[in-house]
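Here the structure comes first, spelled out in C-alpha cells, and everything after it is commentary.
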Amino acid sequence: MNQPTTMSNERESGDAVITIRTLSETLRPQWDAFVHDHPDGTFFHKSGWAPVLEQSFGHKARYLYAERDGVVVGVLPMTQVGSWLFGKALISTAFCVYGGPLASDVEVESALRAAAVAEMNQLGAERVEFRFRTPRPTDWQQVSGRYATFRRPIHADPEKNLLSIPRKQRAVVRKTIGGGLAAECDADVGRLHRVYSESVRNLGSPVFSRCYFRALIEEFGDECEILTVTDRGEPVASVLSFFFREEVLPYYGGGTAAARRSGANDFMYWEVMRRAGLRGYRVFDFGRSKIGTGAYDFKKNWGFVPEPLVYEFRLRAGCTLPDTSPMNPKLQRYINTWKRLPLPVTNFIGPRLIRGLGLGA
C-alpha cells in the first residue's frame, strides 16, 4: 500500500477543517470501522482490497480518507488501472461491483470527489469511475442500463428460504437436493480455480489467477469462504463468497458442463443461502449481472428483483468514455475467439489480460 502522505486538499466545514490523507497501514482499523458503521458501506470498501489488488495485479491503490478534528469522516477506495483497450482510469473499486466515496456529510463527500479529480489530473488518468449501489444527485456523468444487482432478505429457517423461491425454480432446487450432490466448505483454491476457469472460458471471459483467489482468502480470512459441489466425488461447481455485516455475497462462482446436466449450480447457490441463513446472515447479495444476459435471467428466476446500477464518471478534459459494453463489435470478436481456445491456453493468458480490464462499467 502507498506510504502515508497528507494532501493539500483542505476545506473548512463550519469551524473544522476537512483534511484529505492517504491511507496508511496503521490507520486501516479506523478505516474499516468507518466502513462497517456507515449505512452505505459495502464489503468492497474495506481496506483489505488495497494490498490484494496491488499484490495480485500490480495496480497502485489510491485509498484516500477525510479527517476532521482527528476523526475519520469519509473514505474513498480507488485503484489505478491502465488498459491498452480501455485506457487509464481511477476506479472505485476495480474488480468490484460497488464503491465510491463514503462520507459523514455532503461537505466531506464533495472534498473526496475533488481529491479524486485532483488525483486523476496528477496521474494523467483519463477518467474517475465510481460504482455506487444506489444513484445519488450529482453533476458527474452517469451511465445506466448496463448492469443490475440482485439482493433480498433471507431467513434462519431453510424452508422459508425455499418457499421464497418461485415455484418453477423451487422445483429445480428440490430435485437437486435429493440428486446425490454434496457440498463442502473449505479453502481449497485449487478446486475453485479449476471449476471457475472452465466456466468463465465458456462465457468468453479471461480467468483470474489462483494467486488472486489465494490472496483474498489470506487477507479476509473468516470473511470469505469457498463452497464446492461434488457429483460422485468430482468437483462440478464452486463459489467464493464474502460475508459483511448481515450479508452473504457469493461472488466468484461457476460450474463445469457436468454442472449444467446435474443442476449443480442451482444446488450450489441454494447451499450458500441455506448455510448463511442458519449462521445468522439476513441478506443474500447475488451480485451484478449485465442486463439481458443468461446470468441476469438466472437470478430473476430465483425471485430476485433487479436493481439497476448507475455508475458515475468524471472525464479529464479532451477524453471520452470507452465503450466497454459486451455488445461492442470489437469485444464480441475477442469473446467469440476466447471461447474456442483450449483451457490450458486461457488459463495461461487470462490472468495477464484481465489485470487491465478492472471489470469496467
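Neighbours of Gly292 by Cβ distance under 15 Å: Lys/Arg scored +1, Asp/Glu scored -1, total +4.
Pairwise inverse Cα distances across the stretch 212-296, averaged and inverted, put the Kirkwood hydrodynamic radius at 13.6 Å.
The string of couplings for the stretch 307-322 from the Karplus curve (6.51, -1.76, 1.60, θ = phi - 60°) is 10, x, 9, 10, 9, 10, 9, 10, 9, 5, 3, x, 9, 10, 7, x Hz, one whole number per residue in order, with x for Gly and Pro.
Using the Cα centre of the stretch 159-219 as origin and beta-carbon charges of +1 (Lys, Arg) and -1 (Asp, Glu), tell me which of Ser164, Val207, Ala187 is placed farthest towards the positive end of the dipole. Highest projection toward the positive end goes to Ser164. Checking the a/c ratio against 1.5 first, then a/b against b/c, what shape does the Cα gyration tensor give for the stretch 108-235? Because a/c hits 1.5 or more and a/b exceeds b/c, the stretch 108-235 counts as prolate. Taking label positions 7 Å along the Cα-Cβ direction at both Glu307 and Asn121, the computed distance is 3.5 nm, reported to one decimal. Report note on the peptides 310-320, 93-103, 275-285: ranked by the mean count of other C-beta atoms within 10 Å, highest first, their order is 93-103, 275-285, 310-320. For Ile154, the solvent-accessible surface computed with a 1.4 Å probe is close to 10 Å², ligands and nucleic acids excluded. For the stretch 285-300, backbone phi angles converted through the Karplus equation (6.51, -1.76, 1.60; θ = phi - 60°) give residue-by-residue couplings of 9, 7, x, 8, 9, 5, 4, x, 9, x, 5, 4, 5, 4, 6, 4 Hz, Gly and Pro being listed as x. Taking a straight Cα-Cα cut-off under 12 Å and skipping sequence neighbours fewer than 8 places away in the same chain, the aspartates and glutamates within cross-link reach of Lys290 are Glu307. As a calculated quantity, the FRET efficiency between Arg170 and Cys211 at R0 = 51 Å, using C-beta atoms, amounts to about 0.85.
Net charge of the neighbourhood of Glu312, taken over other residues with C-beta under 11 Å away and scored Lys/Arg +1, Asp/Glu -1, is +3.
Report the local net charge at Ile226: Lys and Arg +1, Asp and Glu -1, summed over other residues whose C-beta lies under 14 Å from its C-beta. Charge balance in the 14 Å sphere: -3.
The values are calculated or read from the model by the stated rules, or taken from the named source; none is laboratory data. Everything quoted here is computed from the prediction, not taken from an experiment. Neighbour counts are summed over all protein chains in view; Cβ atoms, including those assigned to glycine, are modelled from backbone coordinates with ideal geometry. Only protein heavy atoms, including side chains, enter the accessible area calculation; ligands, DNA and RNA are left aside. Shrake-Rupley method; radii C 1.70, N 1.55, O 1.52, S 1.80 Å.
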